[in-house]
Every structure is written in structure tokens, then in C-alpha cells.
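In what follows, a structure is listed as C-alpha cells, so that the remarks can point back to it.
The values are calculated or read from the model by the stated rules, or taken from the named source; none is laboratory data. Because the structure is predicted, anything quoted here is derived from the model rather than measured. Neighbour counts run over all protein chains shown; Cβ positions are idealised from the backbone, glycine included. Side chains are part of the model used for accessible areas, which takes the heavy atoms of the whole protein and leaves out ligands, DNA and RNA. Shrake-Rupley method; radii C 1.70, N 1.55, O 1.52, S 1.80 Å.
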Amino acid sequence: MVRHANGRMVDLVSAYARPEKMQRGGSQPTGLEGTGAGWEASGSEPHRLEVVTCSHSLTFIPTYSCLFACGYCAFARPTPLASLEEAASCFVRGKQAGCHEVLIMSGEGVMVFPRLRATLAAWGFRDYHDYLAAVCRLALEQGLLPHINIGNQTEEEFRRLRPVCVSMGMMLETTSRELLRQPAHQHAPGKAPHLRLATLAAAGRAQVPFTTGLLIGIGETPADREASLEAIAELHHQYGHIQEVILQPFVPHPGTAMADWTGPDVPTLAAVVRLARAILPSDVVIQIPPNLVPEAADRRELVLAGARDLGGISPEPDQINPDAPWLAPARYAAELAAWGFVLRPRLAVYPRFQTRAWLDTAVYDLVRSKQAELDALGAIAPVPAVGAPGFQTCRTHTPRARR
Ligand SMILES: O=c1nc2n(C[C@H](O)[C@H](O)[C@H](O)CO)c3cc(O)ccc3cc-2c(=O)[nH]1
Ligand SMILES: C[C@H]1O[C@@H](n2cnc3c(N)ncnc32)[C@H](O)[C@@H]1O
Ligand code: SF4
């Protein structure tokens, strides 16, 4: 918890704008609670299998243009706005491939680019959010649930998109102000911790089921990681909106300012997972993107440390780390089975947020019917061998002796 000496909550946003006001208190160990349960017959006594989840997802990029230049980012480049026709064909592809989610992700500051503003006007949109709402409606028409990550947003912007998506996200990255003077964020003022924290709070006020996380290995210290996790825990205590926290290992990319840095090692990542599990409330799930951890033995260590979600798994390349392919979900299911876990598909909005309080009426029914479909399918059938069915044909099954 982040508290003043007098016990009152610190205003996190201003604390990070004026760090001398910041004071940290103790953390909250919570153990390794899972997100749900699978059941398997073992003799006469069924025992609980821990559940790991993933989302069958496809990514749509409105534009790669970005006002900022994070030292690690190979995504940002000046591109025009994708048309609604391109969006529609992406969503048809996603539906055919069996996706449930579309991740809509772009650079920041879209309205600052004159060319993009002119395009929006020519297409009859008032602004970028007007366009995004139209894109989301096309996704919903195909039965895909939008998850939006376009960086910083205001409460009003969150409220505008809330009726047409099921969740949104934005990585906190880190609460380190020091990194604003280092390669990671020296040309990315949008990554100032007080702005990121203000966005997380705005999402909370707008009651948006939210995904955030830390980027690991960009120059932050162990103390920075602890402070970042405590800030997320504090925001969740206030608003209850954090569904998951991504612990994303930095991957160096040629042509970026941090090209000659190395990514974090596995013991470091495992330590961060354990730290996150100790600091975050037990209802916040820890996500590790498995394509950024290429060795199965390393993935095992992270799951045993407390990671319980694999994030979006896509039939198409990862837009942030295109050289890091995913395995078929059936193969992750097989390795997890060997470690005593079942892999279940999930939606972009976690079950406990599938209520009328957290979801707009316009998306509530679709979410509930898709969740019922997933529940009926059960877990993802493990297929161990190379040559496991690809994403498109991956089957699901119901584990033995389920309730
Ligand atoms: O494929 C990716 N998905 C990313 N996702 C998507 C994520 O795996 C899923 O969309 C969410 O778990 C919702 O299901 C993000 C979502 C956020 O809200 C914030 C950051 C990310 C980052 C990535 C990413 O780098 N690559
Ligand atoms: C969408 C999210 O992707 C992450 N991101 C951006 N570049 C990289 C990289 N080189 N390695 C790992 N993660 C990255 C950031 O955390 C951003 O918020
Ligand atoms: S990580 Fe996001 S904010 Fe940073 S340069 Fe890339 S697109 Fe822009």
C-alpha cells in the first residue's frame, strides 16, 4: 500500500510528479491463488488442477504513427490510417481463424499528425476516437471482442470507447522517472509515470476492465519494479478495475536506440513474477507472453512462480516482437499438462468483470453468450508433438471429472 505517514492514501499521480511526496509502505503477500479450477480424477478423490488461461486473439493496427520514440520500440513508424475496409477484412480473417478477441493497438498522439487528422476528416470522423468506435463496431459485427491499447487516454476518452469494447489496456511500463533521462524514455514524454498513473486512474473512474503491466529490463531497478507493482496494487484497491498485469520481458530490436542492450534473464523474470504475486491482490492475474520466453523450461519456471495467463495468442505475427512466434495453443496446453496445469481459453474480459456494472449493455449479451460457448468447450486439448494442430484448428475438450 502507498500511504502517507499519517495513514491517508497518497495521490499517486502527484506523488510521481513530485517524488519527494512519495512514501512506500509494506506489501501484501497473497500466495499463489489461481484464476479458477480444473478437476481431474485421481483415485477416488478428485483434486484441483490449477488453470492457466489464454485468449485467441488477432491484432489490428489503425496506425503505427507515434508522437513518441521509446528507445526499445520497433513498432513506431509514420504510416497512414488503416481504412474501415482494411479493418473489416482483418476481422473476417480473425473470425475465420477462430479468434475471440481483436487487440486494437496504435502509436500515441494520432490527432497531432496533420495528415492523419485530414484523413479522419475526409472519412467523416470527428476525431480518432470517433474512428476507433466505428472500427470496434465492425469487430463486434464479426463477433470479435475489442481490447484497445492506444496508450494514454483521458476519462472522457475511455467513456467514449467503453460502449464498443470489452476491455482496454496500457502498460504502466515503470514508475521510474530516471528512465525519462535514459534511452528507454528520453524521447517519450508520454511515459512519464504521473501521466501513465493518471491514465490508469482515469480508466478506473470510467469503470473499464483493464490490463496493465511492467516492461522488464529497460534500465529499471528492482526497487523501481517494486514501486511500480505497488502503484498498480494501490490503483486496484481504489477502483478494482485491474484484471491482469503483464510482465513483459524487453526484447532488443535492431535499428532502435536500445539495439545493443540485452533482455532480462529468466531468474530475474521469475523473481519479478514472485514479487508481483506477493504485492498484487490475488484477484489480479499475472500474464507472461510465452512467445517472448522461447524455452519451455523457462516458461515452466515462470508458471511455477505464479504466472497464470499467456495473453493473446495470435495466428499472425506479434506486432511488437514480430520475430517471436507463438506455438499452437494445443502445444502450450501439452507442456502445461506435464507440469500439472490445464489451459483454458478466455475472453478479453475476465469472468468476474462480465457484469452489467463493468460492461456496457451494447456488449454484455455478446460477452455472456461467448463465455457460455467457452465454458461448454472446456480446456484446450493438449497435443504434445511437433505438428500439433495450428491455431485455426486447435480443439478444446472438457477435462475428465469436471464438476
Ligand atoms: O500480442 C501482443 N499483445 C499484447 N497485449 C494484448 C494482450 O495479450 C491481450 O490483448 C489482453 O490480455 C486481453 O486479452 C497487450 C495488451 C495490453 O492491454 C497492453 C499491452 C499489451 C502488449 C501486447 C504485446 O506486446 N503483444
Ligand atoms: C504494447 C507494449 O509493448 C511493449 N513493448 C514495446 N517495445 C517492446 C520491446 N522491444 N520488447 C518488449 N516489449 C515491448 C511496451 O510495454 C508497450 O507498452
Ligand atoms: S512503445 Fe508505444 S509510445 Fe513508445 S514509441 Fe512505441 S508506439 Fe510509441
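General observations
- For Ala381, distant residues with modelled amide H under 5 Å away: Arg395, Thr396, His397
- Ordering of 49-61, 75-87 by packing is 49-61, 75-87, highest average first (other Cβ atoms within 10 Å, averaged per residue).
- Euclidean distance between Cα centres, the range 125-155 to the range 299-344, Å: 27
- Ligands, DNA and RNA left out, the 1.4 Å accessible surface of the range 162-249 is 52% carbon and sulfur atoms.
- Here the simple spin-label model places points 7 Å from the Cα toward Cβ, and for Thr221 and Ala357 these points are separated by 3.9 nm.
- For the range 178-274, the solvent-accessible area works out to 33 Å² per residue, with a probe of 1.4 Å and every protein chain left in place.
- Length released on extending from Ala324 to Glu141, taking residue separation times 0.36 nm less the Cα-Cα span: 62.8 nm
- The range 77-214, dipole about Cα centre (Lys/Arg Cβ +1, Asp/Glu Cβ -1), debye to the nearest 20: 160
- ³J(HN,Hα) computed for each position of the range 267-283 - Karplus, 6.51 cos²θ - 1.76 cosθ + 1.60, integer Hz, glycine/proline x: x, 5, 4, 5, 5, 5, 4, 5, 4, 4, 5, 6, 8, 7, x, 5, 7
- Computed over the range 288-354, the P(r) curve from all C-alpha pair distances, binned at 10 Å from the origin, holds 19, 52, 28, 2 percent per bin.
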